[in-house]
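Some notes on the structure that comes next.
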Amino acid sequence: MNIIVCIKQVPDAKDVRLDPKTNTLSREGVQSIMNPYDQHAVEEAVRIRESLGGEVTVLTMGPPQAEAVLRQAISCGADHGVLVSDRAFAGADTWATSYTLARAIATLGSFELVLCGKQAIDGDTAQVGPGLAMRLDMPFVTCIQKVREASETGMVVERMMDDGYDVIKVTYPVLLTVVKDLNEPRVPSLKGTMKAKKAVIKTLTAADIKAESALIGLSGSPTKVVKVFPPEPRGERCMLTGTVDEQVEQLVVKLRPYLP
Amino acid sequence: MDYFLSEEQQMIVDIARQITDEKIVPLRAELDEKHQFPREILNDIARADLFGVPIPEEFGGFGGGCFDIVLALEQFGRGCIGVGTAFAASSLGIYPILISGSDEQKKEYLPDVATGKRFAAFGLTEANAGSDASGIQTTAVLDGDEWVLNGTKQWITNGGEAQIYTVVAMTDRSKGARGASMFIVEEGDPGFTCGHKEKKMGIRASSTTELIFKDCRIPSDRIIGRRGTGFITVMKTLDSSRPGIAALAVGLAQGALDEAASYAKQRVQFGKPIVAFQAVQHMLADMAIGIEAARSLVYGAAKHIDAHKGDMSKVSSMCKVFATDVAMKVTTDAVQVMGGYGYMCEYPVEKMMRDAKILQIYEGTNQIQRNVVGQELNKEYARLK
Ligand SMILES: Cc1cc2nc3c(=O)[nH]c(=O)nc-3n(C[C@H](O)[C@H](O)[C@H](O)COP(=O)(O)OP(=O)(O)OC[C@H]3O[C@@H](n4cnc5c(N)ncnc54)[C@H](O)[C@@H]3O)c2cc1C
């Protein structure tokens, strides 16, 4: 069973601020982490490998420093890391990204299972997983919250819905995107950390994956960002304190002006 | 302070820190309240390979020394020494096999302990044998090709949770201390049961029970080392493990200082954060000084033990006494800095203070450790004359 997991390095949401003048994310001094959803995808891939055998390859498109998330995934049990990196990929939107990842996966061989996080917490589009599946000509299921069964021939998974979940039986090849309820990611192991430190990360350039230059990076990205702005705050909040009686009193005072 | 850790040592610290922050800290209050054994957390620790730290590579471990295990225990101690004790007691339980066991015994037990598949426990103490271990009454008699054990051990950490128990029993009472031997008893051996779980002041996440042997029969090859060498193995075991208890103490004290110092910055009285009052600042300063001194001594002792296996009693006892006394003082002062809030269960320092007390008692009371240091000094100065 060969599994590929697409992961992304993102700024740690705890540290991110919006520059009030330019309305862009100010990433200065911000820690980079593995996209939280992707951590769950890696964990599930490792669990499936532990029960069915095979190999787990983690794949990321990003600048050279994105290698760090590949090593992190290896320290948590993944077997190989592949970095897709080239200046020509810069500025890619989800369309160009899914094309690039699909080209990289085609170069790497065949995989029964492709896992992605539901979305990356920096862009929050949730488009790359489904887009990649279309490019790979694979069926896909999004928002997996539980793997009920995984065998050599297929899986039974639960897809999270607003009002419950669907139970879906899939056969390979298939692409799944996952949500955080799926599992609890493990802490890196000592052996894994040592392996990760020594691991040779394979790097693929635009030429390596035979990508058409018109389809990658900024030029391959039809999405144009017109404006970025912080949404209007949803009105003021205030916390009442004191004993229950005191709080009720304060609440009545606040509500009175609105009463007929 | 920078202790110039190697890259591998830093890995151990980072992994143990992550487990502590993500798995132990969020659960510790609940484990304490429910007297609940932290099985899931121990599984996390096992998956991170940390049970393998003291086990040689040929038996599936990391091949680390005393210093490596100290680094992990310090982190766990910062989160919860109940969890830390459960982890440490499993190492304690296999030290006799590591120190005096046969190759077959090492092959049989160490790989499972390294991967966390089986836990271990160490059974020495009895109702009438605490500090004075020579008072033990559990006996082992050879009957054909089986040993038959009779007696009751008390207050054994990981009792009822472990699968491997290393226990001390008298094989020849007439020989006194030279008549004790160590044995490996497995969960499920006929005639072996664990008694009720004790209710305790602190370290409630750890399980403490009796071990009851009623005509318990085990194969003759379960004796550890030669007959009559039980106490030698016990002494070496405790000398090797005490720096681990000292490390739990350093971690616990650090955790208490972290709580107290951040509270002191927020709490405003008389129009100022209380950290601005010199009385509070000096308490925090003394806490920090004691912790750093303890940490330096524990690290130094652990490195000494790794380099000089034959000469460890004194440094092992010194670091245990010093670090655990610091932990008791620091946790008590942490409650003081936080005032009434520190006394409330909503804040973690009251648990830390309750937990700290055991560190001065188990693995040899601090009085007994001072005896050891004193006796060693006596020997050293006799040689000088
Ligand atoms: C929570 C917990 C977990 C434990 N886990 C284990 C375990 O896993 N395995 C195990 O074998 N044991 C375990 N023990 C037992 C522990 O090691 C003993 O409690 C300890 O060695 C002290 O023995 P005692 O309690 O009988 O005290 P005692 O020996 O009765 O001592 C009482 C007091 O007298 C002092 N004293 C005694 N003799 C001297 C002396 N010669 N000089 C000066 N002062 C002296 C002691 O310091 C102490 O203050 C555990 C105990 C507890 C409470």
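The values are calculated or read from the model by the stated rules, or taken from the named source; none is laboratory data. Note that the coordinates shown come from a computational prediction; the quantities given were computed from them, not determined experimentally. Reconstructed Cβ throughout: ideal geometry from the backbone, glycine too, with neighbour counts over all protein chains shown.
For the reader, a short list of remarks on this structure follows.
- The set of residues in the range B:186-215 that are touching a residue at least 60 places away in the same chain (Cβ under 8 Å) and of a type in the set (A, V, I, L, M, F, W, C) comprises B:Met201, B:Ile203, B:Ala205, B:Leu211, B:Ile212, B:Phe213.
- Tally of residues being assigned to a loop (DSSP other than H, G, I, E, B), touching a residue at least 40 places away in the same chain (Cβ under 8 Å) and surrounded by fewer than 23 Cβ atoms within 10 Å (Cβ to Cβ) across the range B:349-363: 1
- Hey, B:Glu8 outside any loop (DSSP other than H, G, I, E, B), over 18 Å from the mean Cα position of the chain (by Cα) and away from chain A (no Cβ under 13 Å) or not: no
- Single residue of the range B:133-155 satisfying the filter (closer than 14 Å to B:Val234 by Cβ and either more than 10 Å from the ligand (Cβ to nearest atom) or in contact (Cβ under 8 Å) with a residue 12 or more places away in the chain (or both)) that is nearest to the other protein chains (Cβ to nearest Cβ): B:Lys153
- Restricting the first member to the range A:122-139 and to residues that are surrounded by 15 or more Cβ atoms within 10 Å (Cβ to Cβ), and the second to residues that are assigned to a loop (DSSP other than H, G, I, E, B) and small (Gly, Ala, Ser), the beta-carbon pairs closer than 8 Å and six or more apart or on different chains are A:Val128/A:Ala120.
- Conditions (1) away from the ligand (no atom under 16 Å from the Cβ); (2) crowded, with 21+ Cβ neighbours inside 10 Å; number of the one not met by B:Val321: (1)
- 1 or more residues among the aliphatic types (A, V, I, L, M) and on the phi > 0 side of the Ramachandran plot: qualifying strands (runs of 3 or more DSSP E) within the range A:144-202: none
- Flag for B:Gly342 being part of a helix (DSSP H, G or I), at pLDDT 95 or above and either in the same structural domain as B:Ser131 (by TED's automatic domain parsing) or over 25 Å from the mean Cα position of the chain (by Cα) (or both): yes
- Top-ranked residue of the range B:11-59 - restricted to ones that are in a loop (DSSP other than H, G, I, E, B) and facing another protein chain (nearest Cβ under 10 Å), ranked as nearest to B:Gly300 (Cα to Cα): B:Val53
- The set of residues in the range B:347-385 being within 16 Å of the ligand (Cβ to nearest atom) and of a type in the set (D, E, K, R) consists of B:Lys351, B:Arg354, B:Asp355, B:Lys357, B:Glu363, B:Arg370, B:Glu376.
- Residue selected from the range B:84-118 under the condition more than 12 Å from the ligand (Cβ to nearest atom) and hydrophobic (A, V, I, L, M, F, W, C), by the criterion farthest from the other protein chains (Cβ to nearest Cβ): B:Ile99
- The lone exception for A:Leu190 - which of (1) touching a Gly at 6+ places or on another chain (Cβ under 8 Å); (2) away from chain B (no Cβ under 14 Å) it fails: (2)
- All of A:Arg103, A:Arg71 fail the test of being modelled with pLDDT of 95 or more, of a type in the set (Lys, Arg) and more than 23 Å from A:Thr171 (Cα to Cα), apart from A:Arg71.
- Criterion violated by A:Val58 - all others in (1) without any contact (Cβ under 8 Å) to a residue 24 or more places away in the chain; (2) not in a loop (DSSP other than H, G, I, E, B) satisfied: (1)
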